[in-house]
Structure formats: structure tokens, C-alpha cells
1. Name every residue in region 91-127 that is assigned to a strand (DSSP E or B) and either open to solvent by less than 80 Å² (accessible area, probe 1.4 Å) or within 25 Å of L145 (Cβ to Cβ) (or both), in order of residue number.
2. Quick one: in region 135-150, of everything that is open to solvent by 30 Å² or more (accessible area, probe 1.4 Å) and in a loop (DSSP other than H, G, I, E, B), which residue is farthest from R179 (Cα to Cα)?
3. If the Cβ limit is 9 Å and pairs must be 6+ apart or interchain, which residue in region 97-118 that is farther than 15 Å from F132 by Cα pairs with which residue that is of a type in the set (V, I, T)?
4. Could you tell me whether R41 is modelled with pLDDT under 80 and open to solvent by 70 Å² or more (accessible area, probe 1.4 Å)?
5. If you scan region 58-75, which residues turn out to be of a type outside the set (K, R), at pLDDT 65 or above and part of a loop (DSSP other than H, G, I, E, B)?
6. Here's a check for you: in region 157-176, which residue that is surrounded by 15 or more Cβ atoms within 10 Å (Cβ to Cβ) and in contact (Cβ under 8 Å) with a residue 24 or more places away in the chain is nearest to A101 (Cα to Cα)?
Amino acid sequence: MADFGDILMDFDAKSKKESNLEKLKQDVKSLKRKRDAMLDREIKIRNDLNSGTVQNAATYRLPLAVLPPQNLSQRQVLPSEAEVQRLKNIARIKQKLQAHALCHGVTSLRGENNETKFIFDPYVGGKPFGPFVLRMRFVRTQAVLRGHTLPHAVPTRSLYREYFEDAEDHSEQLAPFIRSVAKHLRAFLSRKQQCDQLRESFAEDIQDFQAANQCTAISFSICLKDEDNKEQITISIAMTYDIDGERPKPESLKVSFDPPNTTEDDIESLKEQCLVFYNMRLREAVIEAF
């Protein structure tokens, strides 16, 4: 005769098995309902995207009936007013940093071997350039230049010596150094872009174009024709730039004429017209002056 204890144990095991089986059936039904709801939502989102009538995110939420019940013990504690204000301040700071990066084209991040990478992505004439990377390592109060991918036209190592060689606390010189590098980089890219645009726009009119010393010494000639007496005047223009400048240096613009017997009034008039080179990009200045 079977032991009564064994009978009870078998009965308990059978009851648990039936209970687990019933629970599994309920879970399968719940998952099927959730799957159907997700498929319906996917179809609705796809149709709205195709028709161009996308609504707010709340419209596409799953029904509460198919979502698992929220465990009260796992509910998140609502943040305090001070924490909410702190999050707002963090968001504002992040927006300011993003705006700074967009306006100045400089961001920084921590790289390998305790190096800090400064990434330059300048926009010049509405066109993006870069990225150019400058790597530095900070040892106590000293900033050590590790390398860069900046153009040779940017005197990176000379600027580093200028700002850090005699400085005791390098942290105070870091921001001015980065701003100076960014200014030199943008100036070179701008001068080069202006030269390229000028040659492309006036390929048939511009002669003897030269851009020496990293585009800091620019010269070219342009022919002007007088429709009334069919005379032709060749104007030669030369100008120099500071290495961190996007416009010619003051008083550096030189204008000469061929034939040299051009009247004084015409010479003065043309020289006055050429003053726009100090304030405008090369292509726009040529259009404005001539």
C-alpha cells in the first residue's frame, strides 16, 4: 500500500504543474495580444509615414491591457524640484556648448593615453571643412602638444611656443591658444577658398594669377574693355594678408594700369573702386569693383 505522504507529495507536484501550465497559457495569450497590438501599431505608423500624416508619439502607444502591470516597488521616485532645476541647467549648458561648437567649429573629447583631442570643423563660405585634430596631454599644470592634422599653413608649433613656452600655468593659456589656432585655420581656408572661387568664376578674364606663401600674397591681372572707344585696360592688383587674416592688410593693396597713360581721373576712380577688396571676398570684390 502506497505511503500517505507520497500520495500527498504527488498531489502537490501535480497541482503545481497544473498551476504552472495554466500560467504559461495565460502568458502565451498575453504575448499574442501584445504581438497583435504591436503589428497594428507598426501598420499604422507605416501608413502615416507613407501618407505624410505622422501624429505625436502618444497616438502610437500600446494599449495598457497588453502592457505588463507596473511593480509598485520598482516605481521610480519623482525627482525633487532642486533636481529638476539642475537638469534644466545641464540642458541649457549643453545647448550653449552645442551652439559654441557650431559657431566656432571647435569641440574637445578625451582620447587614448590620457590625451585630449581638440577637433576643428570650421564652416567657411557656407561650406564645412575638417575635421582637423589637435592632440594634447595635460601633466599637472603643463600642456604637452602631442600631434595634429592641421594644414602646414597653420603655424601650430610656433603658436604653442608663443602661448606656453614662458607660461607657468598652462591652463590659463589653453583657451587663447585654441582660439588662435582656430583663427589661423579659418583664415587659411578662407583665403584658399576665395582664390579658388575667383579663378573658377573668371577663368577667361583673370590673368597671371598667383597665390604665394599660403595665400598671403595674392596678385592677378584683369582686362577691362571700353565699349565706346574699344580701348582695353589691363589692371594689375596685388595685396598681402596677415597669416591669420581673411582680408588684405591695411594699405597693402597695390593697383597698376596698362597702358600707363591712363588719365588721372580714371586711375583715381579705379583705385577708389578697388577699396572694396579690404571688406569683401575676392570674387564679390571683383564683381563690385569692375
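The values are calculated or read from the model by the stated rules, or taken from the named source; none is laboratory data. What you see is a predicted model, and the numbers here were worked out from it, not measured in a lab. No Cβ is skipped: glycine too gets one built from the backbone with ideal geometry, and neighbour counts run over all protein chains shown. We work out accessible area using only protein heavy atoms, side chains counted, and drop any ligands, DNA or RNA first. Shrake-Rupley method; radii C 1.70, N 1.55, O 1.52, S 1.80 Å.
1. Going residue by residue through region 91-127, those that are assigned to a strand (DSSP E or B) are 106-110, 115-120, 123-124, 127.
The answer is V106, T107, S108, L109, R110, E115, T116, K117, F118, I119, F120, V124.
2. R140
3. L97/T107; H100/V106; H100/T107; R110/T116; N114/V139
4. When the stated conditions are applied, R41 does not pass them.
5. L62, P63, L67, P68, P69
6. It comes out as L174.
Residue-by-condition table, conditions (1) over 28 Å from A182 (Cα atoms); (2) modelled with pLDDT under 85:
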{"position": "E200", "(1), (2)": "no, no"}
{"position": "Q210", "(1), (2)": "no, no"}
{"position": "N213", "(1), (2)": "no, no"}
{"position": "S221", "(1), (2)": "yes, no"}
{"position": "I233", "(1), (2)": "yes, yes"}
{"position": "T240", "(1), (2)": "no, no"}
{"position": "L253", "(1), (2)": "no, no"}
{"position": "E264", "(1), (2)": "yes, yes"}
{"position": "V286", "(1), (2)": "no, no"}
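So that you can scan it fast, the table gives a plain yes or no per residue for (1) part of a helix (DSSP H, G or I); (2) over 23 Å from S201 (Cα atoms); (3) open to solvent by less than 30 Å² (accessible area, probe 1.4 Å); (4) basic (K, R):
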{"residue": "M239", "(1), (2), (3), (4)": "no, no, yes, no"}
{"residue": "E246", "(1), (2), (3), (4)": "no, no, no, no"}
{"residue": "D266", "(1), (2), (3), (4)": "yes, yes, no, no"}
{"residue": "F277", "(1), (2), (3), (4)": "yes, no, yes, no"}
{"residue": "M280", "(1), (2), (3), (4)": "no, no, no, no"}
{"residue": "V286", "(1), (2), (3), (4)": "yes, no, yes, no"}
